[in-house]
Amino acid sequence: MNMFLETLIGGLLAGTMYSLVAIGFVLIYKASGVFNYAQGSLLLFAALTFVTLTDNGLPAIAAIAITIAILIATAIAIERFLLRPLTNRSPMTLFMATLGLAYVVEGVAQGIMGSQVRAIDLGIEDMPIFIGDILISQFDLTAAAVAITLVAVLALLFNRTRIGIQLRGVADDTRAALSIGIDINRIWQIVWAAAGLVGLVAGLLWGARQGVQFSLSLVVLKALPVLIIGGFTSIPGAIVGGLIVGAGESLAETYIGPFLGGGITPWFAYALALVFLFIRPAGLFGERQIERV
Amino acid sequence: MTLEAPTPQQPDLVLEVSGVSLSFNGVKAISDLSFKVAQGEICALIGPNGAGKSSLLNILNGVYVPDQGEIVFAGEHFRRMHPLEAARRGIGRGFQNNALFRGMSVIDNVIAGLSRRQTASLVEEALLLPRARRQERAFRDRARAVLALFGLEAVAETTVSSLPYGVQKKVEIARAIVAEPKLLLLDEPLAGMNAGEKQEIAAAIARLNRDLGLTIVLIEHDIGIVLKLAHHVVVLDYGRKLADGAPDTIRDNPDVIAAYLGKQTSERAA
Amino acid sequence: MSDVEAPAVLDPAIRFTPRVLLAAAGLALLTAAPFLASEYWINAIVVPFLILSLAGLGLNLLTGYAGQMSLGAGAFMMVGAYATFAFQLRVPELPLPLALILAGVIAGATGLVFGIPSTRIKGFYLIVSTLAAQFFFEWLFLKFPWFYNGNSSATISLPGGLSIFGISAENPHGRYFLTLATVALLTILSFNLVRGQTGRNWMAIRDMDTAAAVIGVPIVRSKLEAFAVSSFILGIAGALWAFAYLGSASVQSFGLTRSYQILFIIIIGGLGTIRGAFYGAFFVSLLPLALDWLFQHLLGGQIDAGLLQNIQKAIFGLLIIGFLIREPEGLARLIGWKAAAPIRNPFSRSRTRR
């Protein structure tokens with residue numbers, strides 16, 4: 001029983017990290033209808049920028065401030081040179097464009113800052129601790145706490161601030177939002193910058209765990225099943241989806257893996273997502289679209 | 001048994017909609033709607049935007065599933081239609097906003113409407129076996145014949161997205177009738193056209209009805225044309241049937257005048 | 001027999017249009033190539049170009065013609081390569097051409113299975129299914145030694161080399177002509193398919209699936225056919241990649257990067273055209289060489305290999321974005337013969353939303 005609980009809790013905590021990555025997707029998808037395949041690359045870019053700055057002797061606070069400034073500039077550039085010229089094009093075209101964007105961001109980031117593995121020390125102990133008689137990673141706990149805080153802050157921003165309300169307007173009905181004078185280009189810039197910030201937080205946490213390296217950008221591949229399960233348009237969906245994937249992976253590797261020769265984590269989340277697709281194509285929290293012809 | 005001819009009130013029915021209701025996320029689009037369409041007639045559905053006209057056609061095509069009610073088509077009862085089944089049983093459809101295949105030529109759009117007549121398998125087509133060649137020839141001949149009905153032969157090989165809107169509307173009707181449907185559903189075939197184009201399309205629709213005996217259900221806002229073209233008019237408002245009858249009786253129906261005709265015609269005239 | 005008149009039916013296909021002449025000239029050039037170019041050029045550049053063209057063609061049928069997004073091209077290539085290996089290893093009596101076809105059929109069946117979700121979901125949601133294929137097969141072919149015959153390096157190579165009905169093709173010309181013949185044959189078959197009702201059904205689904213269903217296009221069958229045919233071609237391309245180009249292959253030869261590469265080929269070359277796959281593959285094969293040459297000459301070979309790779313990556317990304325923005329129909333339109341050709345673009349504009 002303890003082993004089951006440990007596996008489950010470990011999985012759920014890891015799942016909060018998936019949620020964090022998935023939230024970046026949801027923000028962008030809701031505001032601009034783009035499935036941003038470059039989210040993983042932006043995450044890598046953010047973490048790599050931070051590490052490069054601190055490695056060059058900058059204090060962490062200054063490094064974070066500069067990284068955020070660079071992320072905002074990147075968001076503005078993406079809006080100006082990618083989203084705006086592709087306005088009114090099909091979701092598929094936009095998706096392919098973000099695949100191209102992922103290559104640009106990865107190529108530029110690694111070209112300038114190098115491809116070798118870099119370590120980040122966030123000062124969080126990675127020692128397991130006992131809670132009752134269950135062994136839990138302290139790092140995972142901290143990461144989960146950070147993720148939960150970030151989600152709370154985002155929720156507050158979107159529900160209370162002017163920009164947040166405008167953003168929800170754009171997500172609900174782009175045309176109506178435009179007609180009442182909401183500057184959609186600015187909303188896009190803000191949303192992409194916000195997604196970059198979420199990516200920075202996720203990148204730092206993941207980077208502290210496994211080092212800042214190319215494989216960080218592959219978390220995009222983890223977020224996809226999370227979004228399918230939770231629904232592309234819902235932040236609660238991204239959270240619940242992340243937890244389901246995290247717990248599912250962890251339990252499956254422990255209890256099903258041995259019968260299949262192990263190492264099933266890379267595809268298990270996808271198998272799970274496919275099952276969900278058949279049961280609930282719009283995801284747990286997604287909205288079903290009505291077709292009009 | 002008498003040898004009396006069928007009474008005029010009971011001609012052969014092609015379509016009977018009975019007690020159909022539909023809602024989207026709890027909002028009623030159609031409530032308890034019933035009406036009948038006789039063989040060989042042009043039945044016009046009129047009513048303000050949001051009255052549920054397009055939704056009704058989508059139910060008949062199987063794009064939407066009604067919450068309640070039943071459809072009787074050619075003597076068979078359906079709780080719901082499936083799009084493919086509707087096409088196979090002979091329900092043709094033209095859409096409100098052109099739903100042509102933008103990247104394909106005019107003739108390819110029309111031939112796509114013949115898919116349910118496809119006999120050659122994928123392998124036969126890949127290898128250009130005799131059956132595939134015969135099918136291709138038959139499809140092309142048929143499509144050209146239908147294009148000729150609309151005077152579209154000259155643009156047969158043109159990509160549809162590069163054609164003017166009015167021409168696209170004709171291609172859309174050609175695609176809908178190429179497989180010889182028993183019932184043709186047209187959603188605002190005259191929308192967005194100038195007066196001359198409207199007359200031309202209306203005449204083409206009347207011809208299809210008269211010469212081919214095609215039963216047509218159409219949605220149209222231009223009351224003048226509807227009253228001339230249709231044999232039978234059904235008036236919808238907020239998903240309910242307001243009136244149902246011959247054009248003359250509709251024109252004189254006070255409810256219709258109050259709720260729709262007077263208001264709309266004055267708006268249109270403006 | 002009336003079939004004798006058949007060419008009349010295929011009118012645009014058979015006439016000696018500039019495009020047909022171009023294809024014929026290209027084929028003649030490719031046939032003569034081994035006697036004109038060095039062995040290095042043939043085996044290191046022309047053979048992979050042809051195989052990438054074939055893979056691009058396979059993906060283009062699914063994505064460019066039928067409008068179904070896929071990031072799993074590598075997976076189906078992998079299935080074709082491992083299936084060919086299994087046939088050649090375990091059923092040595094089976095001649096190579098037959099083994100290739102059967103491997104293609106297995107890859108096609110695999111594609112069909114992973115295409116089933118396409119009957120329920122649309123657009124980029126579908127990448128979840130094709131990515132599932134990618135990760136599943138990477139795991140499968142690495143996890144179970146049966147698939148690579150327990151080889152210590154987990155790679156596969158044909159036990160008897162390339163051999164066609166007893167004649168060894170395990171030499172530069174043999175590999176080249178096997179590849180050329182396969183690519184030419186499958187290109188012709190694909191051409192026939194996209195000009196027939198099958199192709200029209202695919203394009204109808206791509207351009208507007210709801211309307212396609214309503215006018216009687218069998219959506220489910222057509223989508224599954226697209227997955228099966230696409231994966232059949234990708235499977236054969238994968239087998240050629242493994243055994244006619246690389247000689248020995250592993251799971252890494254068909255990783256996610258390969259899937260991206262094939263997708264980039266058709267975006268750059270032209271979605272929804274046969275010739276686009278060739279243009280795109282040509283471009284993708286030559287760009288790295290050109291960049292390499294450029295940096296060697298400009299910077300005198302002072303550039304680090306890793307940096308060059310990153311620069312290449314960024315340039316590819318920029319090209320993809322640039323093509324999608326400025327020339328969504330790819331090189332196929334730029335190199336088109338009809339300058340005034342009407343726009344023929346699968347994903348040009350989103351549908352009118354109301």
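FYI, it's all coordinate maths here, none of it is from the lab. Here the structure is a predicted model, which means the values were calculated and not measured. Here the Cβ positions follow ideal geometry from the backbone for every residue, glycine too, while neighbour counts run over all protein chains shown.
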(request) Round to the nearest 0.05 the FRET efficiency obtained for A:ASN2 and C:LEU89 when R0 = 45 Å and r is the Cβ-Cβ distance. (result) 0.45
(request) Taking the Cα centre of the protein assembly as shown as origin, work out the dipole magnitude from +1 charges on Lys and Arg Cβ and -1 charges on Asp and Glu Cβ, in debye rounded to 20. (result) 1300
(message) Among A:GLY100, A:ILE165, A:ALA63, which residue has its Cα furthest toward the positive end of the charge dipole of segment A:2-215, with +1 on Lys/Arg Cβ and -1 on Asp/Glu Cβ?
(response) A:ILE165
(request) State to the nearest 20 debye the size of the charge dipole of segment A:2-215 about its Cα centre, where the only charges are +1 on K and R beta carbons and -1 on D and E beta carbons. (result) 940
(request) First measure r as the distance between the Cβ atoms of A:ARG186 and A:ASP55, then evaluate 1/(1 + (r/R0)^6) with R0 = 25 Å and state the FRET efficiency to the nearest 0.05. (result) 0.15
(request) Give the shape of chain A as rounded, prolate or oblate, defined through the alpha-carbon gyration tensor: a ≥ b ≥ c are the square roots of its eigenvalues, a/c under 1.5 means rounded, and otherwise the shape is prolate if a/b is larger than b/c and oblate if not. (result) oblate
(request) Have a look at C:GLN261, C:ALA213, C:ILE45 and report the one farthest towards the positive end of the charge dipole of chain C, computed about the Cα centre with Cβ charges (Lys/Arg +1, Asp/Glu -1). (result) C:ALA213
(request) Can you tell me how much longer the chain between B:LYS182 and B:ALA145 gets when fully stretched, taken as 0.36 nm per residue apart minus their C-alpha distance, in nm with one decimal? (result) 11.5 nm
(request) Just check the protein assembly as shown against the gyration tensor rule for me: Cα atoms, a ≥ b ≥ c as the square roots of the eigenvalues, rounded for a/c under 1.5, and otherwise prolate or oblate depending on whether a/b exceeds b/c. (result) oblate
(request) Give the shape of chain C as rounded, prolate or oblate, defined through the alpha-carbon gyration tensor: a ≥ b ≥ c are the square roots of its eigenvalues, a/c under 1.5 means rounded, and otherwise the shape is prolate if a/b is larger than b/c and oblate if not. (result) rounded
(request) Take chain C, connect every pair of alpha-carbon atoms lying under 10 Å apart with a spring to form a Gaussian network, then pick out the residue of C:ILE236, C:ILE127, C:ILE274 with the largest mean-square fluctuation. (result) C:ILE127
(message) Between C:HIS173 and B:THR158, what is the label-point separation in nm under the 7 Å Cα-to-beta-carbon projection?
(response) 5.3
(message) Give me the one-decimal nm value for the distance between modelled label points at A:ALA77 and C:LEU334, 7 Å along each residue's Cα-to-Cβ direction.
(response) 2.3
(request) Using 0.36 nm per residue of separation minus the Cα-Cα distance, give me the extension gain between A:THR161 and A:MET127 in nm, one decimal. (result) 8.3 nm
(message) With the crude spin-label approximation of a point 7 Å out along Cα→Cβ, what separation in nm comes out for A:ILE148 versus B:TYR165?
(response) 5.6
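Per the helix-only calculation at 222 nm, which mean residue ellipticity applies to the protein assembly as shown, given -39500 (n - 2.57) for every DSSP H run of n ≥ 4 and division by its residues, nearest 500 deg cm²/dmol?
-19000 deg cm²/dmol
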(request) Report the one residue of C:VAL183, C:LEU57, C:MET77 whose Cα lies farthest in the direction of the positive end of the charge dipole of segment C:17-334 (charges on C-beta: Lys and Arg +1, Asp and Glu -1; origin at the Cα centre). (result) C:LEU57
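Let me spell out the model: positive unit charges on the Cβ of Lys and Arg, negative unit charges on the Cβ of Asp and Glu, origin at the Cα centre of segment B:101-180. What dipole size does that give, in debye rounded to 20?
140
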